[in-house]
Structure formats: structure tokens, C-alpha cells
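Structure first, commentary second.
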Amino acid sequence: MNVVKKPQVLMLSIAVAAALAGCAKKEEAAKAEAPAATTETALKLDESKLPPVNRFAIGDLDSSKDACADFGGYVNGKWLAANAIPGDRTSWGAFEMLSERSKAVQRQLAEQAAANANASGVEKIVGDIFATGMDAEKINAQGIAPLKARLDAIATLDSKEKIADYLRTSAAKGENVLFGFGSTPDFKDSSMNIAGALQGGLGLPDSTYYTDAKNKDKLDAYQQHAAKVLELSGVPAADAAKQAADIVAFETRLAKASKSRAELSRDVSLYYNPISPADADKLAPNFPWTKFFESQGLATPKMFSLAIPGFHQEVSRMLDDVPATTWQSYLRFRTIDTSSPYLSDDFVQENFAFYNQKLRGQKELKERGKRVLDQIEGQVGETMGQMYVKVAFPAESKARMETLVQNLREALKARIEKLDWMSDETKKKALEKWAAFTPKIGYPDKWRDWTGLETSRESYIGNVLAANEFNYKWDLGKIGKPVDKTEWGMPPQMVNAYYNPSFNEVVFPAAILQPPFFDPNATDEMNYGGIGAVIGHEMTHGYDDQGSRFGPTGNFENWWTDADAKGFSGRTDKLVAQFNSYEAMPGKHVDGKHTLGENIADLGGLATAYDAMVKATTGTPDPKTDGLTRDQRFFLNWATVWRRNFTPQELETRLTTDEHAPANFRAIGAPSNLPAFATAFSCKPGQPMVREGDKQVVIW
């Protein structure tokens, strides 16, 4: 687990992790060199078994709605009404439909790998995990037995010294439930990896679930869930209830020493706190960091990053004043709870009932195959990625994307050069950062080496834990070494995109390069309104309220004059106010500050994509497809990308935990600030989609 500031992503982030660097191939190389994969069979894909892609259709438009008054309803209202959320999901829209398509591809590949009992390399890893994950009979027969040794060890922890030692030894296997630890680029020298530690230890999505009275019902339900998990593991009901109460009190204390998701997303400096191990020992005397480094097989460094130091101070105090029996209860529960998805059906069902059904409103448990594929993606994503790109990502798509990226780069440069609110001094630095952007498209130039990961057809959880330990040790191996800029932070089959400020890179995995985002056969305006705006979005993250704190090489540095920083803040404050005004649910508004970075990226990305589209189509007649102008279709496809239904519980959770505004507001937020939108749809001053004067937000 890496612990630096996560990459900025287009949709909900999967984990707090460092995005890893790499350069895109030139067009000639993309055509000449097929992505390599070590497999023993010729992988095949039956496209007739894949679900359809979701693209803009003229029939989706609701002519009873005025685009200038209700643009979201005009474009997506009919589609949203006709497309209910499937029972095994908590949201449904363009992203989810592409994810289903990606999973359908992966399912075929995983089944082929599982059928080959003599496979080697990445095919063996995928086949072993999928085959064991699908063996419900064996998993149910094993019950909780795979965790017996761990639970027996926890039962012996009767002193703070033994507890601290257990935390170290379990961390060395990649099973640290209390805090995050791993490699991270040094904020002051992004070319080198250092060790970094972060807060952790909570079972609920955010610290505010423990500290805010409005979440009491969820905290009470969590306590009941903890009791049920302990009961399933063999703890008598009365004892389980008492232990669950102790666990909630324990985690509440951790939560009070933690930063919320909103605080972390809006102040990237919280992720970096350089300190010597000797000083860290003084800060947390009951959990000496010099001893922790030794236990992980690492040389004690001169410096590492101990982010959120108050959290680690509290852990040290808790080692001293929390009874050993409470620590045992906490570690027992968290060990079982984090393993529940890989255990027998009773644990799986309880895990689903709380985390998916109660917190997010999911009606049905995903079928086993989808759940196993989720674990393959999370644990060994690039093994599947090597197989995926061989059958699902044509070289011509990569070549077309490289052209789009270059056009967006040029459009962004032109916008920066024309800024009237930025001084020449700061503008020069902004352009230096622009020149250093690295794009990565489709899949890595160099695949990760999985040599040493031993999987088998014996145990599902055994394979998962082996992969987890392998990944942890692989990550620790980076500490003290130069950053490897060939690595990726997302596998090719993931429907997403990201910007990583430490490497100043924009990354577009293969799976997102499909309609409605990207279609090699579509007209320019559709691709610029889809993937073009995504490209612009990720590039603009380099200049959002947090990305703008990193320089051209990825170092954390201030390259702004005081006057320009003040001017920038004044403009972003207006965007905060705009999104604060959006009511997502009765009485619950979007948090404009929490979502600021994504909203800046949407606004700058859409404006940049529009400029690039205009330049790319200059001199060509407007086709007026289906009676719609080129500019109209550009904005219509932008809104199509953001068609998305949420369960009420999922929406409520995201309002607290997600740095992205709900999709319906992303569809309208950026266009309402662009004069080109008002012109395209003949909007009049005063209409909701026309922001003027002091209300209009212009940043990049």
C-alpha cells in the first residue's frame, strides 16, 4: 500500500495510492509493437457476448426540456428514467456500463486461464485466483480456518510490548490494519522514493462517521456488524456485543486523531511530514519507528514521512492505556472483517449486508465471478491487463489518442498564454510545467515483473494473501531508490483516468477509451466532448488548487507570486460558491470546497477541449448531424458522459467521502460558465445555464 497523495482521478478513487510514472509510445511504435504478455494459450474474445456500449443518441434528448434551463434533464432525463440501477450496483451510468463491458472481457480471459491447468506467467496467476475464487464448495468448507493461526496469535497479546510486536510482524506480511506504510516519492525530490506512513485503522469510510452526531445511526449499525462478525467467528453473543462496543470506542478515539477525507483532499501538504526515525521514536515511544523499520527488513533511513503525526502519537498512547483485551478484540475483528470477502458465504453475506446494503443501498450481492474479478484487479491488476490489451485495445486507438492529447496540450498552452489575470513571472512557470507533462495511453511500455509470486489451486484466501504480501514487499523494495517512471498506478482494464502531481503525468487506461468517451469512428466533436474533455480535465489537475502546489518536475514547491496566488484564490472561491449552491438531496448540498479540485479540472478541461475542437475542425463545414450543430454535439456528449443514477445511500456517502461532485452537477457546472455553450444553444441572459458577471467563473 502506497501512502502518498492519491492521483487525481476522473471518478471515485479506488485507494489512497501513488500513481506511478511512464511515457506514451510514439505513434510508430504503437503500430509496430504489440503489448507483450506471457501466456501459453492464444487468448480469444467473443465480442457477441459483450454488453453494448453507451453512446449519445438523438432519441435520448427530451424536447420538452429547455437546454438553457435544465441541460441535464434535456440530455439525460429520459435515459436516467429508463435505466434503473442494477441490483448488484449502487450507481449506474456511462462509467458503470463500460466497467461491465470490461468485466465481461476479463471474464472470458479468466475462464480461459482457469481452464489451463498448466499455464505459466501471468496466465497462471489469473487462472489460479479465478479458479480458487470460484470454488464455493471448498471456500465454504474451510470456513474461518484459514485465519486460525492469525487469530490464535492475537489471543496471546497480553502486553503492550506483544501488541506492538504483533503490529510489526503482521505489517511485514502486508496485513497492517492500523496504519498505511509504503514507498512514496519525496515531496522535495520527486525523483527519489522515501518511506511514508499515514493514518488508518478505521472500518467506516471517514472519520466523520465516528465524530459527527448525524452519523450515529451508521455508527450504531457498525457496532452491530462488528458483534455479528465476532459471533460468526465463534465468540459467544454476549461477549461479542461487549467487544463490539469496545471496538467502536477504540476506533472513535482513532477517528478523533485523524483527518477527514475532505481535509486530506484539500491540503496535500498533510501527506508530507519529514522526520528522523529518532524523533519519531520520541513522538511515539510505545511504537518505536527504528524498530519498525528493522522489522520490515529495511535499513533505518535518515528521514521518512510520518504524515498526520497526531494520529501516531495517539496510537502510542493507546498502546499504553488501552487494555490488552480491547486491542485483541479490535485486531480480531479487523483481521476477520478485512478477510470476509474471501471467506465462507456467512462472512461474505454479513460483509455485504453492512458495507454494501446498509451504507450504500446495494440490493443484491454481486455474483461470485464479478467479485473474484474485482479481487484480481485489486491485487494483480496488471496480470489481467497484459491479457486484456491483447484482445481489447487496437493500436489505432492508441495512435488516435496520441493525436488528441497533443491537440489538447497545444490548446492548454494557448489558454495559459492568454490569461489576463496572471503575471508574466508566474505564467512562465506555468508554461514550464506544461512543457514537462508526460502522457501515458492505454497500457505500460514495460510490464511489471510478477516473478516470485507463488499462487496455487489450493486456497482462494491463500492466493489473495500471497499477492498482498508480494505487493507490499515489492513496494518496500522501492524505498531509497530512484522513482521508476515506467510504472502505472492503474491497470489497463480499469475505466478511469488520473493525474499524478509528483510525476506531472496524465494517464488514460485502455478501458476508458470507448464510447461515449472515445470512438475511433466518431466525428471530432463527439470525441472532443468526451475523451478530449477528460484529457483536458487531467491536464488541468496540474493547475487545480492542490496540483498547482507542485512544480514541473513534481516537487512540492511554490511557483506563484503572492498577487497571482491571491487572484487564483479569488477565482476558485467563486467556483466553491457555485457548487455549494447545488442541493444534491433534500437539505444536503454539495461541498464546494471538498470538490474544488475536480470542479476546477472539469471547467478547465471542458474549455480546453472546446478550443482544441474548434482548431481541429477549422475550415471544415459543420455537418449538422441530426439537425444539431457541431458545438451542440460537443456539449451534448459531455453531458452524456455524466449520466448517472445513485441509490440515496450511495449519494449520501459520496457527499461526505468523494472529492467529486455528483455527476448531474458535473454535467451542468462547467458548461454554465462557458459563453460557447450559451451561444451553441441560443441561451438568454438570466437563464440557469448562463452564468454572467461576478457569477461567471473563469480560471484556466
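The values are calculated or read from the model by the stated rules, or taken from the named source; none is laboratory data. Please read these numbers as outputs of a predicted model, since none were measured by experiment. Glycine also receives a Cβ, built like all others from the backbone with ideal geometry; neighbour counts cover every protein chain displayed.
Miscellaneous remarks
- Qualifying residue in the stretch 651-660 (condition: aliphatic (A, V, I, L, M), under 26 Å from Gln696 (Cα atoms) and either crowded, with 24+ Cβ neighbours inside 10 Å or in contact (Cβ under 8 Å) with a residue 60 or more places away in the chain (or both)): yes
- In the stretch 640-682, the residues that are of a type in the set (Asp, Glu) and in contact with a Gly (Cβ under 6 Å, 6 or more places away or on another chain): Glu650
- Count of residues meeting criterion [on the phi < 0 side of the Ramachandran plot, part of a helix (DSSP H, G or I) and surrounded by fewer than 22 Cβ atoms within 10 Å (Cβ to Cβ)] in the stretch 613-631: 6
- Pairs with Cβ under 6 Å, 6+ apart, first in the stretch 161-179 and assigned to a helix (DSSP H, G or I), second surrounded by fewer than 21 Cβ atoms within 10 Å (Cβ to Cβ) and of a type in the set (Ser, Thr, Tyr): Arg168/Ser295
- Elements of type helices (runs of 4 or more DSSP H) in the stretch 288-397, at least 2 residues being polar (S, T, N, Q) and crowded, with 18+ Cβ neighbours inside 10 Å: 324-339, 368-392
- The residues of the stretch 264-273 that are buried (at least 16 other Cβ atoms within 10 Å of the Cβ) and of a type outside the set (D, E, K, R), listed by number, are Leu264, Ser265, Val268, Leu270, Tyr271, Tyr272, Asn273.
- If you check Ala661, Ala678, Ala667 for being closer than 17 Å to Gln578 by Cα, in contact with a Ser or Thr (Cβ under 9 Å, 6 or more places away or on another chain), outside any loop (DSSP other than H, G, I, E, B) and not aromatic (Phe, Trp, Tyr), only one passes: Ala667.
- Members of the stretch 203-232 that are buried (at least 19 other Cβ atoms within 10 Å of the Cβ), not acidic (Asp, Glu) and not in a helix (DSSP H, G or I): Gly203, Leu204, Ser207
- The numbered conditions (1) within 20 Å of Gln696 (Cβ to Cβ); (2) surrounded by fewer than 24 Cβ atoms within 10 Å (Cβ to Cβ) are all true for Tyr610 except (2).
- Pairs with Cβ under 6 Å, 6+ apart, first in the stretch 224-240 and at pLDDT 95 or above, second outside any helix (DSSP H, G or I): Ser233/Ile144
- Selection within the stretch 63-121 - of a type in the set (Asp, Glu) and either farther than 30 Å from Asn463 by Cα or touching a strand residue (DSSP E or B) at 6+ places or on another chain (Cβ under 7 Å) (or both): Asp66, Asp70
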